[in-house]
Amino acid sequence: MTGESAFLSLLRAGAADPAARGLMDDVAVLDVGGARLIVTSDTLVESVHFLPGDPPETIGWKLAAVNLSDLAAKGAKPVACLMNYALSGDAAWDAAFLSGLQEALDRYGMPLVGGDTVAMPAGAPRSFSLTAIGEATSEVIPARSGAQAGDILYVTGPVGDAGAGLTVLQAGRDAPAALIESYRRPRPRVREGGTLVSAVHAMMDISDGLLIDTARMAQASGLAAVIEHIPVSTELAGLAGGGIGALLAAATAGDDYELLFALPDGVDPLVAAIRVGRFEAGEGLTLFLDGASVPLPPALGYEHGT
Ligand SMILES: Nc1ncnc2c1ncn2[C@@H]1O[C@H](COP(=O)(O)OP(=O)(O)O)[C@@H](O)[C@H]1O
Ligand SMILES: Cc1ncc(C[n+]2csc(CCOP(=O)(O)OP(=O)(O)O)c2C)c(N)n1
Ligand SMILES: [Mg+2]
């Protein structure tokens, strides 16, 4: 057994506590003393989630942002966080990391209240984890599994900018600053999640790619999903064009941190959102662009260990 999804299947077999939501959601939901806490944890690893040469401020920012994005996907209000930090061996680097982290924590109102610090063996890649705690803002906390046949699927913004930013950085080429910024400093949609939470049937964030995350929402909801539009920014279209290869790259690169949500047909999203598809009875994911069926790419998105 290799790979993230196979390992998660093993974990799911033992995830009986309702707080775990079957390990099929972005977060755990804990009922504690009448309050409902939303808890999530994500890790960033050098050369896996960020480039060794990325500015340390941006890595600190990103560690907070990817966790805040999971809170946003449940409409949760950030409460506090804990960080597990591996010293980089360079005090100035560590201080710069913390300044970027603090900027994000201040921006989104999520104080750091604890954690742990270690040193790694020489030569080990940098690695950092953060556990974010939020407070539910709605009676029903949207899961990935609540989409209904006939629902319309939306995203809160275009996809593929971060993936393109990574590609140009890896190639050492020049790129529009907006693409690099999307890769290094994702903006979690905390405000939008709070607005959407009471209206949506299902919601999650897009970390691994529009196609794979839509397929996950469809599977969790016991439905088929049809993607009819892959929205890209003008910066990305200017760099990569609007051909099918560029669109599929944008829909599978991941690192988008936009919200993906299902709303009943005819309901106004109330936030800036782009319609990308719909749910219907059945199972699986299909792509239908410009009136023509498009074969799915071999990889629908990012999966660790594959
Ligand atoms: N090592 C682990 N131990 C326990 N639960 C895990 C582990 N890795 C992932 N999960 C759980 O599996 C589910 C899916 O994880 P993931 O795809 O990483 O979610 P997300 O993209 O929202 O971070 C979540 O409920 C997460 O908490
Ligand atoms: C250097 C580098 N290579 C590749 C990627 C692409 N990438 C790595 S992990 C990932 C998915 C998101 O990370 P993950 O740990 O799966 O977060 P989660 O889905 O658990 O929120 C993507 C798109 C990257 N961000 N940086
Ligand atoms: Mg995760």
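Any read-out appearing in this document is the output of simple, stated calculations on the displayed coordinates, not a laboratory observation. Quantities reported herein were computed from a predicted structural model and do not represent experimental measurements. Cβ: placed from backbone, ideal geometry, glycine included. Neighbour counts: every protein chain shown.
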Output the peptides 253-262, 72-81 sorted from most to least packed, where packing is the average of other Cβ atoms within 10 Å over each peptide's residues.
253-262, 72-81
Any idea what the relative contact order of the stretch 152-294 is, in percent, if you count C-alpha pairs under 8 Å spaced at least 6 apart?
44 percent
In debye, nearest 20, what is the charge dipole magnitude of the stretch 12-144 about its Cα centre with +1 on Lys and Arg Cβ and -1 on Asp and Glu Cβ, if you could check?
320 debye
Could you work out the relative contact order of the chain, using alpha carbon pairs under 8 angstrom and six or more residues apart, expressed as a whole percent?
23 percent
Between the alpha carbon centres of the stretch 266-306 and the stretch 1-63 the gap in Å comes to 23 Å
Give, in nm to one decimal, the length gained when the segment between Asn84 and Ser293 is fully stretched (0.36 nm per residue of separation minus the Cα-Cα distance).
70.7 nm
By per-residue mean of other Cβ atoms within 10 Å, what is the highest-first order of 4-13, 227-236, 297-306?
227-236, 297-306, 4-13
Could you tell me which residue out of Ala95, Val118, Pro55 lies farthest along the dipole of the stretch 54-167 toward its positive end? Charges go on the beta carbon: Lys and Arg +1, Asp and Glu -1, centred on the Cα centre.
Val118
